[in-house]
Amino acid sequence: MTSQFPDRQWGSRTNLLSRAANRFAATKPGSWLIRTVTPLDRAVLERTDAKYTVLGPIGAPVILLTTTGRKSGVARTQPLLYVHDGDALYVVGSNFGQDHHPAWTGNLLADPSATVAIAGERIPVVATPVPDADKDALFARFIEITGAYAAYRDRTTRNLRMFALRRA
């Protein structure tokens, strides 16, 4: 088994639809809309093991991350955009710029074992926090995916949690 993750991107980040969607996603109404469609997107992703996403036509690289709830012990699944780099997938807890960290980041801090669904595969992973010194360069890659990340970072004063996910 290879240490690489499969890569599947549906659509293009440079087409007119994608550029308009990225500009809209950076606004507060855009963030609200994305949060509102997240349950639908989660359902599509779960049924296809992350082959397809509601955000697919705009070229968004999406995974499903399943963590264990640190309080409940129940599996919790969240669709997330990611940066793929060699043997790691990187995720950021932007939470659309809200004042609190998303629950999945606390779950990973409590138990770094998780599962990623990507391109039709479910892969066990281990999460490690990205050191603060590496965050700026990595965050720039998230902004390349969608400029909305810059807006999310500007909306909050918290240090955004970032994780490297590697095959277990």
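The values are calculated or read from the model by the stated rules, or taken from the named source; none is laboratory data. No experiment lies behind these values; they were computed from the predicted model shown. Virtual Cβ from ideal backbone geometry, glycine too; neighbours counted across all protein chains shown. Protein only, heavy atoms only, side chains kept; ligands, DNA and RNA dropped before computing areas. Shrake-Rupley method; radii C 1.70, N 1.55, O 1.52, S 1.80 Å.
Structure data summary
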item	result
From LEU64, LEU80, residue being open to solvent by less than 30 Å² (accessible area, probe 1.4 Å), within 23 Å of ARG158 (Cβ to Cβ) and not in a loop (DSSP other than H, G, I, E, B)	LEU80
Top-ranked residue of segment 122-133 - restricted to ones that are out of contact with any Lys or Arg (no Cβ under 9 Å at 6 or more places or on another chain) and either touching a residue at least 24 places away in the same chain (Cβ under 8 Å) or open to solvent by less than 30 Å² (accessible area, probe 1.4 Å) (or both), ranked as farthest from PRO6 (Cα to Cα)	ASP132
Members of segment 142-156 that are farther than 25 Å from ARG76 by Cα and open to solvent by 80 Å² or more (accessible area, probe 1.4 Å)	GLU144, ASP154
Residue in segment 22-31 that is assigned to a strand (DSSP E or B), modelled with pLDDT of 75 or more, open to solvent by less than 80 Å² (accessible area, probe 1.4 Å) and not small (Gly, Ala, Ser) present	no
